[in-house]
Amino acid sequence: MCVPKSQGGMGFCDIHCFNLAMLAKQAWRLLENPDSLCATILRAKYFPDGDLLNAKLKKGSSFTWQSIMAGVNTLKHGYIWRLGNGQKIDIWEDAWIPNCANRKVITPKGQHLLSKVSDLIDPSSNRWDEDLIRQTLWPVDLQRVLAIPLPQFDMLDFVAWSHTKSG
């Protein structure tokens, strides 16, 4: 399989990386098609809360689930949350800040009670609550958050691939 195509092989340079890429593709399908039969069965058994990205590998899990979790871990290296209403995105744990190396806020959580990005949005004006963000986040995070445009209409948060413009 690793023999060059010109010599009759399949031309894979690194079969392990290729396998992880295919497993990440399966994890992506579970995210994109949460109502599929496969996603429904796996969700019922392994992530009943519906949160695939934060699912844990349980002792005695099937080889299929272990493999998909390897794909999820690979996916975590490049995914980013795109902001809708902010109700699914954890301010402190999720990757949601564009133009930042790890796509997360660098401000430590400390004693803050805020947990979701929706807590940083003023519901009456559908704009960032700048005073609250100033009190909560460090200046570098403040600038990055305020640079994120909020949607004009109500939409759900979604996961995208951060390494391409099209997601």
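Which of the DSSP-defined H helices in the chain satisfy a minimum axial length of 24 Å, computed from C-alpha atoms, and a minimum mean Kyte-Doolittle hydropathy of 0.0?
Numbers: long enough: 15-32 (25 Å, 0.52).
Within the chain the helices that satisfy the rule are 15-32.
Under 20 °C and 1.002 mPa s, how fast does region 20-167 diffuse according to Stokes-Einstein, given a Kirkwood radius computed over C-alpha pairs? Answer in µm²/s, whole number.
Details: Rh = 16.6 Å.
Answer, rounded: 129 µm²/s.
For region 80-161, report the translational diffusion coefficient in µm²/s to the nearest whole number, using Stokes-Einstein at 20 °C, 1.002 mPa s, and a Kirkwood Rh over Cα pairs.
My calculation gives 168 µm²/s for D.
Model label points for L150 and S115, set 7 angstrom from Cα along the Cα-to-Cβ axis, are 2.2 nm apart.
Under the criterion of Cα pairs below 8 Å and six or more residues apart, the relative contact order for the chain equals 21 percent. Per-residue packing, averaged as other Cβ atoms within 10 Å, sorts the ranges 28-39, 147-158 into the order 28-39, 147-158, beginning with the highest. Contact order normalised by length for region 80-161, with contacts defined as Cα pairs under 8 Å and 6 or more residues apart; what percent is it? Relative CO of region 80-161 lands at 44 percent.
Read the figures in this text as sums done on the coordinates, not as results from a lab. Quick caveat, the model's predicted, so the values are computed rather than measured. Note that each Cβ is placed from the backbone with ideal geometry, even for glycine, and that neighbours are counted across all protein chains shown.
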